[in-house]
Amino acid sequence: MMPDNNRKRVGTPDSANADSNKLTPVKKCAPGNYNAKGKTKNCVSKEKIKQSAKNKAESSKHNLPVEKNKKKKLKKKPKIKRSPFSPPPLSPSPNTPNTSKAPRPDEAEKEKLRFDAEKKLLSGAKILVKNIEVTVVKLLGQGGFGLVYLVQDSKENRYAMKTEYFCESIPSRMKMEVKAYDKIANFRKAHPKSGMRLLGFYGSGAIGNLKFFLMSLVGPSVDSLIAKYEISFATALRLCIEMFVGIVDLHECGFVHRDIKPENYAIGLNADRRRVYLVDLGMVVRVLEESDPMPSSSKYDFIGTPLYAPRTSHLGNVQTRKDDLESWIYSCADLFSPNKLPWAHECDRQKVGDLKEQFFKNPSADILSQMPAQFEDIIRNVNMIGMTQKPDYKAIRDLLESAATMDEIDFDEPFEWELGEQAKRKDDSGEKKKRKKNRSENTQVTVDK
Ligand SMILES: Nc1ncnc2c1ncn2[C@@H]1O[C@H](COP(=O)(O)OP(=O)(O)OP(=O)(O)O)[C@@H](O)[C@H]1O
C-alpha cells in the first residue's frame, strides 16, 4: 500500500524524530499568528490546531462548554526578533512627545489590510510592495508555510503574492526565497534572454509580522495537469525538456533547488502557455562550486520529497547541482510512466535510498522502455557527476534534442490541456484519483540530524 508519508514534505526540522525513519508532520506558523493590529501570538503546531478543532467539535457534540484559552500573565516580555524584511523600528524623537493622532507609516499600511476570521487577507485589501500598490483579488493556494494570493495593480497587471507570518520559533523559508528571486532578477537584467523558466520578481516587504513578495503569475502545476489529462509521449518529452531548462537557469543564478518534482513546475499563461516554470524556491541553497571546500555532511538527516529526493539526501549529505538533475530524472520517469517508480510504495527512507541506488546501477527495463532511449545515457551521465562538479548541461541538452528530433516533436503543438474536454482523463481510469491522492501526500520532509 502507498504509505501516507512517502510523498510528504515537512518543512520544519523535527529533532525528536532525528533518529527515526518515520517522517514527521509540519509544524507551521498558522495564519492566525498575525492579527491586523500586528501582534504576535504563540506559534501553534498543525496538530494543536487540529486537536483544538477536534475538541471544539467534541464539546459541541456533547453540548459541553468549550474551554477558553486562559490568559497567561507574562513575567517577562519576550524579545521579538525582528524579521529581516520588517521596516526599521520608528523611534520617536526624545524632544517631541508623540501627541499626533496620525498613524505611523507601517500602522497606516496595516489599516489598509483586511482579514477574514482565519486572518486570511480579504479581497480588496491593499498592500504596497516596493513601489507597486496591489489589491488582493483572491486566495490562490496554501503551501506548507504560507498563503499565495492573486493580486493586481492599478493597471490590472496581475501577480502572485506569497505571504508568510513571521514566527520566532520557526525559521523563515521566505528569506532565502526572496534572496534567490532577487538574484534571479539581477541575473535577468544582466543577461536579458527571454527564455528563463524562472518567475519574475517585483519586490518584497513586511507589515507587522506579515511578510510578502510579488512574483509572476503562472497557471496550474504540471502535477495537477497530468492528473487531469492523459498526456502523450511527445508532451511528456516536451515537459521534461522544459523542466530541465528551469534547473539549468536556477543553477546559472547560483542556486540548487532541493525539491525538484512535477508539483514544483507550473505552466505559463497566455503567450507563455507552452513554457513550464520552476517554482517554489523555498528550499534553495547556494551552488557549491568545484573550488569550494567539500562539506562533510548536511545539517539534515533528510530533506526533500521522498519520491523524488536524490540519493544524497537519503545519505544525509549536502545537495548539489547533480542532485537536482537526479530528482529531475525521477520526475521525468514519473511523467512517462506515472506511479511506476520502484520505490513509489515503499515507506522506509533507507529502503527508498537503496532502491534509488539500484535504479542508477541497473535502471528498471520497465521504466526505461517507456522513456526515450537517450535517457539511458542521461542517467549514466548524471550518475557520473562529482559532488561539486558542474554538470555537462550541454551533453544532456543534446541528448534531449536528439530524442525530440527522433520522435519528430513539434514544439508548437498545443498541449492536451489546451484542447479541453476531449483530452481529459476518463474518471474511471483511476489515474486522476491516484494522482490526486499522491499530490495530497506529495510534500517535502526535513529531518534534523
Ligand atoms: N506564481 C504563482 N502563480 C500562481 N499560483 C501560484 C504561484 N505560486 C504559488 N501558487 C499557488 O499557491 C499554492 C501554494 O504555493 P507555495 O509555493 O506556497 O506552496 P506549495 O509549493 O504548494 O507548498 P510548499 O511550499 O509547502 O512546498 C500553489 O500550490 C499554487 O496553487
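Given the residues Asn339, Asn362, which is the only one that is touching a residue at least 12 places away in the same chain (Cβ under 8 Å) and either among the polar types (S, T, N, Q) or at positive phi (or both)?
Answer to the selection: Asn339.
If I filter the range 173-219 down to residues being surrounded by fewer than 18 Cβ atoms within 10 Å (Cβ to Cβ) and charged (D, E, K, R), which single residue comes out as nearest to Ser123 (Cα to Cα)?
The qualifying residue nearest to Ser123 (Cα to Cα) is Lys175.
Conditions (1) buried (at least 16 other Cβ atoms within 10 Å of the Cβ); (2) among the β-branched types (Val, Ile, Thr); (3) assigned to a helix (DSSP H, G or I), marked per residue:
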{"site": "Asp366", "(1), (2), (3)": "no, no, yes"}
{"site": "Met371", "(1), (2), (3)": "yes, no, no"}
{"site": "Phe375", "(1), (2), (3)": "yes, no, yes"}
{"site": "Ile378", "(1), (2), (3)": "yes, yes, yes"}
{"site": "Gln389", "(1), (2), (3)": "no, no, no"}
{"site": "Glu401", "(1), (2), (3)": "no, no, yes"}
{"site": "Ala404", "(1), (2), (3)": "yes, no, yes"}
{"site": "Glu413", "(1), (2), (3)": "no, no, no"}
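Among the residues of the range 137-172, write down those that are aliphatic (A, V, I, L, M), surrounded by fewer than 23 Cβ atoms within 10 Å (Cβ to Cβ) and either assigned to a loop (DSSP other than H, G, I, E, B) or within 15 Å of the chain's Cα centre (by Cα) (or both).
The answer is Leu140, Leu147, Val148, Ala160, Ile170.
What number of residues within the range 168-199 are near the ligand (Cβ under 10 Å from one of its atoms), at pLDDT 95 or above and among the charged types (D, E, K, R)?
Total meeting the criteria: 1.
Among the residues of the range 200-252 satisfying the criterion of being closer than 23 Å to Tyr330 by Cβ and assigned to a loop (DSSP other than H, G, I, E, B), which is farthest from the ligand (Cβ to nearest atom)?
Ser232
Yes/no per residue for (1) away from the ligand (no atom under 15 Å from the Cβ); (2) outside any helix (DSSP H, G or I):
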| residue | (1), (2) |
| --- | --- |
| Tyr277 | no, yes |
| Met294 | yes, yes |
| Tyr308 | no, yes |
| Lys322 | yes, no |
| Lys351 | yes, no |
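The values are calculated or read from the model by the stated rules, or taken from the named source; none is laboratory data. Predicted, not measured: the structure shown is a model, and the values here were computed from it. Cβ: placed from backbone, ideal geometry, glycine included. Neighbour counts: every protein chain shown.
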